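Q: I am attaching a structure below and will ask some questions about it afterwards.
Please treat every number below as a calculation from the coordinates, not as lab data. The structure displayed is predicted, hence computed values, not measured ones. Cβ: placed from backbone, ideal geometry, glycine included. Neighbour counts: every protein chain shown.
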Amino acid sequence: MNTARRLLSLCLTPLLLAAAACSGSSESADNEHVTLTYAIWDQAQSAAMKQIIEEFHAQHPNIDVQVQVTPWESYWTKLQTSITAGSGPDVLWMTMVYAKYYAVGGGIAPLDDKIKDSKLDMGAYVPAVTKAYTVDGKVYGIPKDVNGFGLCYNKKLFDAAKVKYPDDSWTWSDVIAAAQKLTNPQKGVFGFVAPEADELSWYLTVPQVGGQVISDDEKSSGYDKPATIQGIQFWTDMITKYHVSPTLQQTTDTDPLAMLTSGKVAMRYCGSWEPEEIAAVPYGKANIDIAPLPAGPDGNRKYYSNGLANSISAKSKHPQQAWEFAQFLGSERAAEIQAKTGTVIPAYQGHADAYAKAMPEFNLQVFVDHLKYAEPFPASTDTAAWRDTATKQFADAWTGKAPVADVSQRVAEAMNAALAKEKK
Amino acid sequence: MFLLPAAAGLLVFEIWPTFQTIYYSFTSWGAFGGHVWSGLENYRTLIADSDVLHAVVNTAIISAISLLAVPLSAIVAALLSLPGMRGVTVYRTLYFLPVVTLPAAVALTWKFLFNGDYGLINWLLSKFGIDGPHWLSDPATAIFAISIVAVWGSIGYNMVIFLSGIRGIPVDYYEAAELDGAGRVSQFFHVTVPLLTPSIFFVTVITVINSLQAFDLIYLMVGQQSPAIARTETLVYLFYQRGFAEHDGGYAAAIGVVLLLATLILTAAQFRLQRRWVHYG
């Protein structure tokens, strides 16, 4: 129960931390044997990462790489504290959400000189991802992967309700109509699930009606725009108007993905990193398939896509070796290894096919086809200062306590205040 | 001299950071180190921040529930596991188990139990025709669910204090009371309870300090995504959220100072009040 005090001392004694936790050896020469630390957050991908490291080590016998897996929830707090203290990892996974924060704050190093020296072709990667990691004209990360989305549906429940499987002609109204037919209160089955998780909910529908989370110049919130509100309303209507989705309380208590793979909901919006988890459940593997993500009312398919990159800590003691490794992580071979596991779509273009074929039981091609509609993930220099607050506030709209328009207005005000503070 | 290692540790890890925190609460932080003096700005924001008000109320509720429930249930637990009762070791182990269990494991297990649709608690309630709530995600019940786990988790530690307190009471007093015709119940209220007041006092002080620092259960069982978070987040949770998730170190330090003041005031008040009800010897 001493958490508070421990947190205080953790946060406020960077000097002590630096003394207590040192990684790697202290000096670096080109031929010296060094150990790099590589920070990632997804356990599901650690096997692919280890294979990449093995092949890298075969080519660079002088460089050892240690993988450090920290769950997403604590990854960012740990990363920031350890980089501040100078004891952080050498190479690390970066998300679009925090790229600008780490770049502007000096947590990760610009890579332009090294890219030039090594003649690395940045044109090989999905442009939207490269763009998101370019801050003030400098590149801060080598693109790793990119997210596509699709509509996961339960074939068995569709058959039982005699509803036609979803296809690429579907728009919002088709989802609603099908969800109404599929919902069966007696059996405890919902047609759809509307979780309150930005990336997996309104970040997919807001761009489809021309709404915005943040303005293009990143100076103001888009949450008060009528189109944005419409994109969010799609989700809350499923719960409060059509009653075809479990409530926010239910989706908080039970993971929506588990509801899908246990036959409790018939449709769910899915991300390209999720099929592996669905296939891990026998019922999911046998009954779930994936259709193209339904388009907006006017056929618009734009969505906010996140994608990861490998970045190098600005405080790395072995920047040259870290670059060698980061470059290998961005290589065609590394893309191939990742694609074959079916865990992510590589940002290295031309390897999506291997991903699409990784799990023949699912139509993974859907995710790959979706990529061409990707828009850069909403982010500003300090995204965290407004993103969590938005999620917290929108709970009122999901539970029906307040209309979406009211909550959106509130979120926009708080977000504008946070953005104004950023520029100081 | 023998105190030196402990005292040094206390100075370096507890006392020095406390003063650093107070200093940092008047600063504004950069992303990766570096801070500038910002005077009272953090405190001005703090007074106007409705989240802080919620956090104070939530912390007060958890503390009040714990203050009432922990000493009571720990005394009952101690009485039930006095030497000579049947299966004493089993009970003692059961009561003490949560103290030595990882908070993450405790939180995860209770999360399953509290699950609104598939949890054991609601399944049991349904046998009696009661439609249980979504304990942890319903804003109306979440703070009570958290308090139940917090109280349950601290019974063991406090039970040990009461056990040693009870065993420290000389047998003569009970014999004298029995000669005066006092039954078991009046022996308990007129001998055990008064002589146990120093232990009770110690337990109440520790309980209040611990509940003011409630964080792990909220972080693990409720979390930022839950609709119930506004009604459960405590000062330490808000400190973590602002300082670590939202990168506002100076503001978090200001929340920390508020917590420090609250702890000092409440503990001082308890020490002041003890003169009225604690009997030594």
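Q: Tally the residues that are charged (D, E, K, R), part of a loop (DSSP other than H, G, I, E, B) and more than 19 Å from the chain's Cα centre (by Cα), restricting the search to region A:244-293. Working first, answer last.
A: Applying the first criterion (charged (D, E, K, R)) to region A:244-293 yields A:253, A:255, A:264, A:268, A:274, A:276-277, A:285, A:289.
Filter once more, keeping what is part of a loop (DSSP other than H, G, I, E, B): A:255, A:264, A:274.
Narrowing further to those that are more than 19 Å from the chain's Cα centre (by Cα): A:264.
Residues meeting the conditions: 1.
Q: Being in contact with a helix residue (DSSP H, G or I) (Cβ under 9 Å, 6 or more places away or on another chain), of a type in the set (Lys, Arg) and either crowded, with 24+ Cβ neighbours inside 10 Å or under 30 Å from A:Thr35 (Cα atoms) (or both) is true for just one of A:Lys219, A:Lys225, A:Lys285, A:Lys315. Which residue is that?
A: After applying the criteria, what remains is A:Lys315.
Q: Taking the stated definitions as given, is B:Ala69 surrounded by 18 or more Cβ atoms within 10 Å (Cβ to Cβ), in a helix (DSSP H, G or I) and either of a type in the set (Asp, Glu) or away from every other protein chain (no Cβ under 14 Å) (or both)?
A: yes
Q: What number of residues within region B:211-238 are at the interface with another protein chain (Cβ under 7 Å from one of its Cβ atoms) and over 20 Å from A:Phe394 (Cα atoms)?
A: The total comes to 4.
Q: On to the next question. Which one of these is touching a Cys at 6+ places or on another chain (Cβ under 8 Å) and of a type outside the set (Gly, Ala, Ser): B:Phe188, B:Phe271, B:Phe244?
A: Going through B:Phe188, B:Phe271, B:Phe244 in turn, the sole match is B:Phe244.
Q: Of everything in region A:102-133 that's part of a helix (DSSP H, G or I) and within 14 Å of chain B (Cβ to nearest Cβ), which residue is surrounded by the most Cβ atoms within 10 Å (Cβ to Cβ)?
A: The residue in question is A:Tyr102.
Q: Ok, one more. If only one of B:Ser28, B:Ser50 is closer than 18 Å to A:Ala385 by Cα, among the small types (Gly, Ala, Ser) and in contact with a strand residue (DSSP E or B) (Cβ under 9 Å, 6 or more places away or on another chain), which one is it?
A: B:Ser28
Q: I've got another one for you. If a residue must be β-branched (Val, Ile, Thr) and within 28 Å of the chain's Cα centre (by Cα), how many such residues does region A:153-200 contain?
A: Number satisfying all stated conditions: 4.
Q: Can you work out which of the residues in region A:239-250 that are surrounded by 24 or more Cβ atoms within 10 Å (Cβ to Cβ) and either more than 22 Å from A:Ile176 (Cβ to Cβ) or out of contact with any helix residue (DSSP H, G or I) (no Cβ under 6 Å at 6 or more places or on another chain) (or both) is nearest to the other protein chains (Cβ to nearest Cβ)?
A: A:Gln249
Q: Please identify the pairs in which a residue from region A:399-414 that is without any contact (Cβ under 8 Å) to a residue 12 or more places away in the chain has its Cβ atom under 6 Å from the Cβ atom of a residue that is assigned to a helix (DSSP H, G or I), counting only partners at least 6 apart or on another chain.
A: A:Ala402/A:Asp396
Q: Oh, and also: Can you confirm whether B:Ser81 is surrounded by 15 or more Cβ atoms within 10 Å (Cβ to Cβ) and farther than 24 Å from B:Gly223 by Cβ?
A: yes
Q: Name the single residue, out of those in region B:24-44 being without any contact (Cβ under 8 Å) to a residue 12 or more places away in the chain and either part of a loop (DSSP other than H, G, I, E, B) or within 11 Å of chain A (Cβ to nearest Cβ) (or both), that is surrounded by the most Cβ atoms within 10 Å (Cβ to Cβ).
A: Of everything passing the filter in region B:24-44, B:Phe32 is surrounded by the most Cβ atoms within 10 Å (Cβ to Cβ).
Q: Something else: Tell me which residues, restricted to region A:263-284, are within 30 Å of A:Leu308 (Cα to Cα) and either acidic (Asp, Glu) or within 14 Å of another protein chain (Cβ to nearest Cβ) (or both).
A: Matches in region A:263-284: A:Val265, A:Glu274, A:Glu276, A:Glu277.
Q: Return the residue satisfying two criteria in turn: it lies in region B:5-23 and is of a type outside the set (Val, Ile, Thr) and within 28 Å of B:Arg44 (Cβ to Cβ), and of such residues it is surrounded by the most Cβ atoms within 10 Å (Cβ to Cβ).
A: B:Pro17
Q: Assess whether B:Leu53 counts as being closer than 30 Å to B:Ile161 by Cα and either away from chain A (no Cβ under 11 Å) or in contact with a Ser or Thr (Cβ under 6 Å, 6 or more places away or on another chain) (or both).
A: no
Q: Could you list all residues from region B:131-164 that are surrounded by fewer than 24 Cβ atoms within 10 Å (Cβ to Cβ) and among the polar types (S, T, N, Q)?
A: Listed by number, the residues that qualify are B:Thr141, B:Ser147, B:Ser154, B:Ser164.
Q: I would also like to ask the following. Which of the residues spanning region B:104-121 are assigned to a helix (DSSP H, G or I) and hydroxyl-bearing (Ser, Thr, Tyr)? Spell out the reasoning first.
A: To start, the set of residues in region B:104-121 that are assigned to a helix (DSSP H, G or I) comprises B:104-114, B:120-121.
Across region B:104-121, the qualifying residue is only B:Thr109.
Q: I've got another one for you. Name the single residue, out of those in region A:69-90 being buried (at least 24 other Cβ atoms within 10 Å of the Cβ) and not in a helix (DSSP H, G or I), that is farthest from the other protein chains (Cβ to nearest Cβ).
A: My answer is A:Asp90.
Q: In addition: If you take just the helices (runs of 4 or more DSSP H) that sit entirely in region B:165-231, which of them hold at least 2 residues that are in contact (Cβ under 8 Å) with a residue 40 or more places away in the chain?
A: B:193-212, B:216-221
Q: Would you check which residues across region B:122-145 are assigned to a helix (DSSP H, G or I), within 12 Å of chain A (Cβ to nearest Cβ) and over 25 Å from B:Ala55 (Cβ atoms) and list them?
A: B:Asn122
Q: Related question: Considering only region A:378-405, state which residues are aliphatic (A, V, I, L, M) and facing another protein chain (nearest Cβ under 8 Å).
A: If the condition is that a residue be aliphatic (A, V, I, L, M) and facing another protein chain (nearest Cβ under 8 Å), then A:Ala384, A:Ala385, A:Ala395 are the ones that fit.
Q: Let me ask another. Considering only region A:60-105, state which residues are acidic (Asp, Glu) and touching an Asp or Glu at 6+ places or on another chain (Cβ under 7 Å).
A: Within region A:60-105, none qualify.
Q: May I pose another question? Among the helices (runs of 4 or more DSSP H) lying completely within region A:338-424, list those that include at least 2 residues that are over 19 Å from the mean Cα position of the chain (by Cα) and over 29 Å from A:Cys152 (Cα atoms).
A: Passing ranges, in order: A:404-422.
Q: May I pose another question? Of the residues that sit in region B:244-265 and are touching a residue at least 12 places away in the same chain (Cβ under 8 Å) and within 9 Å of chain A (Cβ to nearest Cβ), which one is surrounded by the most Cβ atoms within 10 Å (Cβ to Cβ)?
A: Checked region B:244-265; the qualifying residue surrounded by the most Cβ atoms within 10 Å (Cβ to Cβ) is B:Ala252.
Q: Could you list all residues from region A:80-92 that are closer than 23 Å to A:Gln45 by Cβ and in contact with a Ser or Thr (Cβ under 8 Å, 6 or more places away or on another chain)?
A: Of everything in region A:80-92, those that are closer than 23 Å to A:Gln45 by Cβ and in contact with a Ser or Thr (Cβ under 8 Å, 6 or more places away or on another chain) turn out to be A:Ile83, A:Gly88, A:Pro89, A:Asp90, A:Val91, A:Leu92.
Q: Another question about this same structure. Search region A:91-101 for residues being under 17 Å from A:Asp382 (Cα atoms) and more than 14 Å from the chain's Cα centre (by Cα), and hand back the single one that is nearest to the other protein chains (Cβ to nearest Cβ).
A: Going through the qualifying residues, I end up with A:Tyr101.
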